[in-house]
1. Which fully enclosed helices (runs of 4 or more DSSP H) of the chain have 3 or more residues being in contact with a His (Cβ under 6 Å, 6 or more places away or on another chain)?
2. What are the residue pairs meeting all of these: first residue in region 4-33, first residue within 11 Å of TRP102 (Cβ to Cβ), second residue open to solvent by 50 Å² or more (accessible area, probe 1.4 Å) and modelled with pLDDT of 95 or more, Cβ atoms under 6 Å, and 6 or more apart or on different chains?
3. What pairs can you find where one residue is in region 37-52 and hydroxyl-bearing (Ser, Thr, Tyr), the other is buried (at least 18 other Cβ atoms within 10 Å of the Cβ) and at pLDDT 95 or above, and their Cβ atoms are less than 8 Å apart, with a gap of 6+ or different chains?
4. Output the number of the condition that LYS65 fails; it satisfies all remaining conditions of (1) open to solvent by 50 Å² or more (accessible area, probe 1.4 Å); (2) touching a Gly at 6+ places or on another chain (Cβ under 6 Å).
5. Among the residues that make up region 33-40, is at least one of them in contact with a Lys or Arg (Cβ under 9 Å, 6 or more places away or on another chain), farther than 12 Å from SER77 by Cα and not acidic (Asp, Glu)?
6. Of the residues GLN85, GLN78, only one is more than 21 Å from LEU100 (Cβ to Cβ), modelled with pLDDT of 95 or more and open to solvent by less than 70 Å² (accessible area, probe 1.4 Å); which?
7. Please work out which residue is nearest to VAL9 (Cα to Cα), limiting yourself to region 97-112 and to residues that are crowded, with 19+ Cβ neighbours inside 10 Å and over 9 Å from the mean Cα position of the chain (by Cα).
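The values are calculated or read from the model by the stated rules, or taken from the named source; none is laboratory data. Computed from a predicted model, the values in this text were never measured in an experiment. Every residue, glycine among them, receives a Cβ derived from its backbone with ideal geometry; neighbour counts consider all protein chains shown. Heavy atoms of the whole protein, side chains included, go into the accessibility calculation; ligands, DNA and RNA do not. Shrake-Rupley method; radii C 1.70, N 1.55, O 1.52, S 1.80 Å.
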Amino acid sequence: MQPNPFGGVIEHLSVEDVKAGLEAGTILLVDVREPNETAAERIPGAVDFPLSTFDAHALPDPGEKTLVFSCRSGQRSQKAAAAAQAAGIDLHRHMAGGILAWKDAGFDTDKG
């Protein structure tokens, strides 16, 4: 883990690691982009949880899965992790590069 520029610590996961975790059922991907963004394009299986209305205590329970934040490029997902940690919730993983890196890797998205 590394210091998060927005507070707390952050663990950068690659899009390949996240894709493998989604396929294996071991990752819950939480997309913190805004509704207009997720309506236009989203990663299959991601849960929408906009940063603009972020409440760390209302995050979905990942159960046995690892909760990983994602966004467009990796900035807002780091802010979400910092906000969760500030609220006393130990969430520190995000998908580095966001949906842009996901698409650059050639992975599928759902388009609205």
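1. It comes to 75-86.
2. LEU22/GLY45; ASP31/ASP48
3. Filtered contacts from region 37-52: THR38/ASP31; THR38/ALA46.
4. Among (1) open to solvent by 50 Å² or more (accessible area, probe 1.4 Å); (2) touching a Gly at 6+ places or on another chain (Cβ under 6 Å), LYS65 violates only (2).
5. Within region 33-40 (the criterion being in contact with a Lys or Arg (Cβ under 9 Å, 6 or more places away or on another chain), farther than 12 Å from SER77 by Cα and not acidic (Asp, Glu)), the answer is yes, since at least one residue qualifies.
6. GLN85
7. GLY97
Condition check ((1) of a type in the set (Lys, Arg); (2) under 20 Å from GLY7 (Cβ atoms); (3) surrounded by fewer than 16 Cβ atoms within 10 Å (Cβ to Cβ)) across all residues:
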{"residue": "ALA20", "(1), (2), (3)": "no, no, yes"}
{"residue": "ARG42", "(1), (2), (3)": "yes, no, no"}
{"residue": "PHE54", "(1), (2), (3)": "no, yes, no"}
{"residue": "PRO60", "(1), (2), (3)": "no, no, yes"}
{"residue": "CYS71", "(1), (2), (3)": "no, yes, no"}
